[in-house]
Structures are given as C-alpha cells and as structure tokens.
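Just below is one structure, and these are the notes that go with it.
The values are calculated or read from the model by the stated rules, or taken from the named source; none is laboratory data. Treat the numbers as computed from the prediction; the structure is a model and nothing was measured. Note: ideal-geometry Cβ built from the backbone for every residue, glycine included; neighbour counts use all protein chains shown.
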Amino acid sequence: MTGKSLANLINEYMTAYPCSGEINFRVHNAENIVEKIMNKYSNVCLNKDFADGLTLEFIDWRVNVRSSNTEPVLRVNIESRKNAQLMEEKTAEIVNFIRGQE
C-alpha cells in the first residue's frame with residue numbers, strides 16, 4: 001500500500017502517461033482506415049502489435065486503433081510519456097488523418 005488516495009494515484013498516472021481517452025469515429029471502412037494508418041506510420045514506429053486492433057509504438061508515444069465488433073465505429077487511443085503537448089499534437093494529427101479518409 002502506498003498510503004495515497006486513488007485520486008492521487010490516478011493523477012500521478014495521468015501525468016506520467018497523458019492520454020487522449022477513447023475517441024470514436026463512425027465510419028464505413030474501418031479496416032481500410034486502420035491499414036492506411038499502419039502504412040503511414042509503419043516506417044517510423046518502433047513496434048507494431050495486432051493483439052487488440054493495431055498498436056503502433058514510438059519513442060515517446062503510442063496509438064491504438066481498432067474497429068468495433070458490434071457497430072461501424074473506429075476507436076482510437078493515444079498516449080505519451082510525460083508529454084501532454086505531444087499527446088495533443090499526435091491526437092490532432094491522427095484525428096485529422098482519419099477525417100480526411102471519409
């Protein structure tokens with residue numbers, strides 16, 4: 001036990017790993033968009049993982065993109081390491097990319 005409240009622990013985690021939260025896009029071609037994101041970033045990412053959709057890891061941020069199994073929705077989560085500004089920049093970049101695919 002740390003002696004810290006749950007709120008303090010969550011705040012410390014959010015400071016260490018700022019995240020976008022889940023962003024949902026209603027799309028008709030989720031798999032195609034996931035593939036385009038992979039193609040756009042695969043040459044510059046450090047690691048690709050397909051366990052839960054597509055996760056691309058970079059030096060100080062990562063993105064997970066996956067389609068819903070129950071509705072025509074693309075789900076996106078972005079987080080960084082102690083850099084909220086970078087997380088916001090990458091979130092805007094990927095959101096704009098996805099919107100440009102529709």
Qualifying residue in the stretch 1-20 (condition: in a loop (DSSP other than H, G, I, E, B), loosely packed, with under 11 Cβ neighbours inside 10 Å and touching a Pro at 6+ places or on another chain (Cβ under 8 Å)): no
The stretch 51-89 - residue that is more than 9 Å from the chain's Cα centre (by Cα), surrounded by 14 or more Cβ atoms within 10 Å (Cβ to Cβ) and of a type in the set (K, R) and, of those, modelled with the lowest pLDDT: R81
Hits in the stretch 52-89 (condition: of a type in the set (V, I, T) and over 22 Å from Q101 (Cα atoms)): I59
Inter-residue pairs, beta-carbon under 8 Å, first among the small types (G, A, S) and in the stretch 40-57, second surrounded by 11 or more Cβ atoms within 10 Å (Cβ to Cβ), 6+ apart: S42/K48; S42/L56; G53/V34; G53/N64; G53/V65; G53/R66; G53/S67; G53/R75
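For the stretch 58-98: of the residues being basic (K, R) and touching a residue at least 24 places away in the same chain (Cβ under 8 Å), which is farthest from F25 (Cα to Cα)?
Filtering first and then ranking leaves K82.
Only one residue in E93, E102 is farther than 22 Å from P18 by Cα and surrounded by fewer than 16 Cβ atoms within 10 Å (Cβ to Cβ). Which one?
Details: E93 fails: farther than 22 Å from P18 by Cα.
Answer to the selection: E102.
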The one condition in (1) assigned to a helix (DSSP H, G or I); (2) exposed (fewer than 12 other Cβ atoms within 10 Å of the Cβ) that I33 fails to fulfil: (2)
